[in-house]
Structures are given as structure tokens and as C-alpha cells.
Amino acid sequence: MTSTDVHLRDLRYFTTVAEELHFTRAAERLYVSQPALSKQIRALERQLGVELFRRDRQGVTLTAAGTALLPHARRVLAGWAEGAAAVAEARAAERSTLVVGMSTSPGRGGLLPAIRSRFTAAHPDAVLRLRQVPWEDPTAGLADGEADVAFVWLPLPDADRYAWTVIAEEPVDIALPESHPLADRPEIDFRDLLDEPFLALPESSGPLRDHWLALDARGGRPPVIGAEIAGTEETYEALVAGLGICLVARGNVPLLTLGGVTTRPLHGVPPSRYVLAWRTEDTGRPLVRGYAEACRRVAGRAGGAPEVPAWVRPEPRSVRSG
């Protein structure tokens, strides 16, 4: 194996560790486990035949070889990003296609057909393509460039990369098996659920996993994880099987209450925010602007969101809990 076999992922891992000089923080940025990151860096060092980082009790520092490699690695990554962006821009311009990412259908009273109708009326030559994305990706395709805009839940990882407009702000209910001891209550306080096993999003979903576990409302008590779920059907099956309970935005309740599962209003957790998001560098693209404007107008007319400016920059990202 030679240095020509080094992949972009290896260079991205290396530069992130070089910037953080801390393997745990770098792993959090990359949404990988710290052991996996350390293993990959070791493999890269073996490939190159040099030590890139010096690890001791005082911390992590770059070796001379690591310092020499860093600017070149950054140039390679930047060059590839520019090339990928140029290809994506050329493809979008050629096809006049807007890819809309989502993890679950927006539903909510025919919101999606109404947005499509308004958008295509203003952009008759545009082609809309929907892309269903697993829950492992909380950005629904925005992060890897597979989607141009996406229906997602806040908070987003790397929030400063994105802008958004709010589609709906909804109360959060609790979904639980009909046989659950608390199912006979008309409403439930979150404090009564602290010891219950919860269904959790995959760890790759980052701060969104923390949000749907309501870490900020737990007073520092860690959640009990009954199972991980990565889709609506999987969530329903886990609920029916009694593996755990989960928070659910009220607009998504019909997706889970299919028999054997019930939901109750929940007190003690903040409302959820469902948004249309896009990468900040794409704000000036006409199709992105047009779709976001259609979303804002349809959601505002339906009472699902306030009349706010279409180009909402995200607030500063809060520190993750847990």
C-alpha cells in the first residue's frame, strides 16, 4: 500500500484532529466514535510510514511530518469540495432540477402538494425530485450535497452551515404502547418518564438525538436507551414490542398510532420546530429561493408558521448536552 491509496476521508480525519488537537472533540465534529477515529489515524500513519501526532499526558501535538502534511491535505480537500460544487452546480443548471430531501413525509394537511403547486406555478420549467433519507442523516441529504433543500427538524448539526425557514412549531407528545401503565392518563409530565426506556435516534444524528431524548429536561440524569430507531416503521414496531417510548411531534402522531400505540400530551419539554433548510452558500440560487418562498407562504396561510422573512439565518448553535 502506498500514499497514493490515501482517501479523502483519511485527509478529513487528519485535518480535523490537527485543528482540534483532541481526539474526542475531533470525533464529535466528525460524528464518529473516538476509538474508530484513533484507529483510522493509526492506519494512515502506517500507510505513510510516519507518525503524524505525538500523544502524551500533556495532550496531542503535530509532529514535524504532520505539520508538513497539513497545508497539503487542506488544499486537496478544498480542491475536491470546489470540484464537487462545480459539478453539482453544472448538473443543477443543466437539468433545472431541485432535489428535496426528507426523512418522513411532511404530511400536515397536504403541505407538500400545496408547496409543489405554488413552486411549479412560479418555475414551470423546473423539475422537482424528492429524496427519502434514513434518519441516520439529520440533514436529510444537505450535508453530503445529495439534496438542495430539505425538510428537517431542529437542531441541526453544524448549524452555521445552514439557513432555514420554519414550517411548523408543534407541541411534543409522548408515544407509548397502549398497554403501558401510564397510557390511561389524559396527559403526562416528563418528570414521570425519567426512568423509562426511550427509543433513540442513531448516534450519527448528533444533537437531534439529544433533542428527541429531551436531555435538557432531565436535570443531568442520563436517559435509559431501550433501542435505536432509524425510520417510522422501525419506531412503530419498537413501540408495539414494548422496547421503549419516544417523543413525537404532534403533526407526526398519525404515523405511529396505527394500532397498539397511543400518544398523550406531554408537559415539561419545549415544542419541536420543523423547517425547510438549505446550505447558506445556496441562498442565492433561484430555485432554492423559490421553493423556500413557496414553503413560507403555504405554511403561513395554513397557520403552521408565523409570517417571518424567508431567509432566516440560524441562531448560534447551543452546546450539546450529554
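Details
- Over 13 Å [Cα-Cα, region 183-239], rounded percent: 63
- When the trypsin sites (Lys or Arg not before Pro) in region 28-84 are filtered for DSSP coil states and for at most 10 other beta-carbon atoms within 10 Å of their beta-carbon, the remaining sites are 57.
- Taking each residue as 0.36 nm, the span from residue 281 to residue 234 lengthens on full extension beyond its C-alpha to C-alpha distance by 13.5 nm.
- Stretching residue 84 away from residue 169 to a fully extended chain increases their span by 27.1 nm, per 0.36 nm per residue minus the current alpha-carbon distance.
- Using θ = phi - 60° in the Karplus curve 6.51 cos²θ - 1.76 cosθ + 1.60, the 3J(HN,Hα) couplings for region 174-187 round to 10, 9, 8, x, 4, 8, 5, x, 8, 5, 8, 7, x, 8 Hz; x is entered for Gly and Pro.
- Nearest-ten-degree value, helix 34-48 long axis tilted from longest Cα axis of the chain: 30
- What the Cα convex hull of region 225-267 gives, in volume per residue, is 76 Å³.
- Relative contact order for the chain, counting Cα pairs under 8 Å that sit 6 or more residues apart, in percent: 21
- Approximate spin-label separation residue 50-residue 63, in nm, with each point projected 7 Å along Cα-to-Cβ: 0.9
- Region 165-215: radius of gyration and largest Cα-Cα distance (Dmax), Å: 13.1, 39
- Solvent-accessible area per residue for region 1-96 (1.4 angstrom probe, square angstrom): 64
- In summary, the convex hull built on the alpha carbon positions of region 146-290 has an orientation-averaged projected area of 9.2 nm².
- Cubic angstrom per residue, convex hull over Cα atoms of the chain: 155
- Annotation: amide H of residue 128 within the under-5 Å range of 98, sequence separation 5 or more or interchain, hydrogens built in the peptide plane.
- Spin-label pair residue 33-residue 117: with each label point 7 Å from Cα along the Cα-Cβ axis, the two points sit 5.0 nm from one another.
- Treating r as the C-beta distance of residue 258 and residue 126 and R0 as 41 Å, the FRET efficiency rounds to 0.70.
- When DSSP beta bridges are restricted to pairs lying wholly in the chain, around 65% turn out antiparallel.
- Protein accessible area in region 208-247, 1.4 Å probe - carbon and sulfur %: 53
- The Rg/Rh ratio of region 48-98, with both radii computed over alpha carbons and Rh defined as the Kirkwood radius, is 1.33.
- Build a GNM of the chain with springs between Cα atoms under 10 Å apart, and of 240, 60, 261 the one that fluctuates most is 60.
The values are calculated or read from the model by the stated rules, or taken from the named source; none is laboratory data. Quick caveat, the model's predicted, so the values are computed rather than measured. Methodologically, a virtual Cβ is constructed for each residue, glycine included, from the backbone with ideal geometry; neighbour enumeration extends over all protein chains shown. Quick note on the areas: whole protein, heavy atoms, side chains included, nothing else; ligands and nucleic acids left out. Shrake-Rupley method; radii C 1.70, N 1.55, O 1.52, S 1.80 Å.
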